[in-house]
Structures are given as structure tokens and as C-alpha cells.
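Participant: Can you keep this structure in mind? I'll have questions shortly.
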Amino acid sequence: VTMDKKIGAIANGVNIDHIPQGNAWHILRLLKLERKYPVGIGLNLISKRMGLKDLVKVENYRLSAEQIQAVSVFAYGATYSEIENYQVVRKFQLTLPETIANIIICPNHRCISHQHRSLFKLSANNENLVATCHYCEHNYDLKAMNEFNI
């Protein structure tokens, strides 16, 4: 029995699989779904590809293009599937957006972004995910960042 079977199949909705371990909580807070839709969450699940992973399933829900882009910040490389009548009708791997606004809080406390909306350029090289602040131009390890506007 796989861990996905323990979470349960959904008839209609979305499945976000292979989320980096610990990031499912960020996704739930970002989407603000806790009290609106049935949500299945798998934390610290065994994955051949990743070692450990998270999983989020949401019944009767579709993510907008903007939501997919925002979720990709926390689930870069994850698999996004849309399900209808228990069948996958759309499936793709989430890619890191080039830029993201109003989600990441700049760790540089003197940065002007704290008085304005935040804007970060995102890039990936090997296993490193780099967030570069548009205003102060400092580079940060995205995986190590823990302050988000979600």
C-alpha cells in the first residue's frame, strides 16, 4: 500500500505530489483552503525520488494560473494533477517562476521592500534555489528562507 492510497483518492479536484518535505504547510496557508474545501495532507511520506516528500489533495477545487505560480515557489519540481471523475485530466511538473511578488519577505531588514510590495527574481542551479531581491539585490537561498507573506 502506497502512502497516496492512505490519504485517499479524490473524485474531483487537484493533487500536488512530490512537494519538498515541510512545504505543504506553506501551500495550505498560501491557498487559504483550511475551512473551505476538503483537504488531504501527507507529511514526511517516503519517496523513491526525494527521500521524503509532502502531498496535498484538495476536493472540488482548481488552482488559478496565479496560484500555480505562487505554489511553485514552495513546490518547485512537484507534480500538479487535476482530477475529474477519479481520472487525471491534466498533469504537469511545477516550474520555478522567473519572478514572484508579495510572497517572500526580504531578510534584509533595511531593504525598501518592507515599505513596498516585495519582488524577487528566482533561479535554480543544480539543487540551489536562489531568490534575488529586486530592490536591495541581495541573493538568498530560497530553501533557507522562512518569512513569507502568506
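Participant: May I ask you to say which residue of Thr99, Thr2 is modelled with pLDDT of 90 or more and among the β-branched types (Val, Ile, Thr)?
Facilitator: Thr99
Participant: Shifting gears a bit: Could you identify the single residue in Ile68, Ile7, Ile46 that is modelled with pLDDT under 90, of a type in the set (Val, Ile, Thr) and open to solvent by 10 Å² or more (accessible area, probe 1.4 Å)? Reasoning before the result, please.
Facilitator: Working: Ile68 fails: modelled with pLDDT under 90; Ile46 fails: modelled with pLDDT under 90.
None of the others qualify; the one that does is Ile7.
Participant: Within segment 23-38, does at least one residue satisfy the condition of being at pLDDT 90 or above and assigned to a loop (DSSP other than H, G, I, E, B)?
Facilitator: Checking segment 23-38: at least one residue is at pLDDT 90 or above and assigned to a loop (DSSP other than H, G, I, E, B).
Participant: I'd like the full set of residues that are closer than 18 Å to Leu94 by Cβ and among the charged types (D, E, K, R), limited to segment 107-126.
Facilitator: Lys121, the sole residue that qualifies.
Participant: Now for a different question. Test Lys121 against the criterion of being in contact (Cβ under 8 Å) with a residue 60 or more places away in the chain, open to solvent by 90 Å² or more (accessible area, probe 1.4 Å) and not acidic (Asp, Glu), and give yes or no.
Facilitator: Considered against the rule, which asks whether it is in contact (Cβ under 8 Å) with a residue 60 or more places away in the chain, open to solvent by 90 Å² or more (accessible area, probe 1.4 Å) and not acidic (Asp, Glu), Lys121 comes out as no.
Participant: Here's a follow-up. Only one of (1) touching a strand residue (DSSP E or B) at 6+ places or on another chain (Cβ under 7 Å); (2) surrounded by fewer than 19 Cβ atoms within 10 Å (Cβ to Cβ); (3) among the aromatic types (Phe, Trp, Tyr) fails for Tyr86. Which number is that?
Facilitator: (1) is the only condition that Tyr86 fails.
Participant: Continuing with the same structure: Mind counting the residues in segment 49-65 that are open to solvent by less than 90 Å² (accessible area, probe 1.4 Å), within 15 Å of Asn15 (Cβ to Cβ) and in a loop (DSSP other than H, G, I, E, B)?
Facilitator: Total satisfying the criteria: 3.
Participant: Which residue pairs have Cβ atoms closer than 6 Å, lie 6 or more positions apart in sequence or on different chains, and pair a first residue in segment 57-78 that is under 17 Å from Ile100 (Cα atoms) and small (Gly, Ala, Ser) with a second residue that is surrounded by fewer than 22 Cβ atoms within 10 Å (Cβ to Cβ) and at pLDDT 95 or above?
Facilitator: Note: pairs meeting the criteria are Ser72/Leu94; Ala75/Leu94.
The values are calculated or read from the model by the stated rules, or taken from the named source; none is laboratory data. What you see is a predicted model; the values in this text were computed from it and never measured. For neighbour counting, all protein chains shown are included, and Cβ atoms are generated from backbone atoms with ideal geometry for every residue, glycine included. Each accessible area value is taken on the protein alone, full model and side chains, heavy atoms only, with ligands, DNA and RNA left out. Shrake-Rupley method; radii C 1.70, N 1.55, O 1.52, S 1.80 Å.
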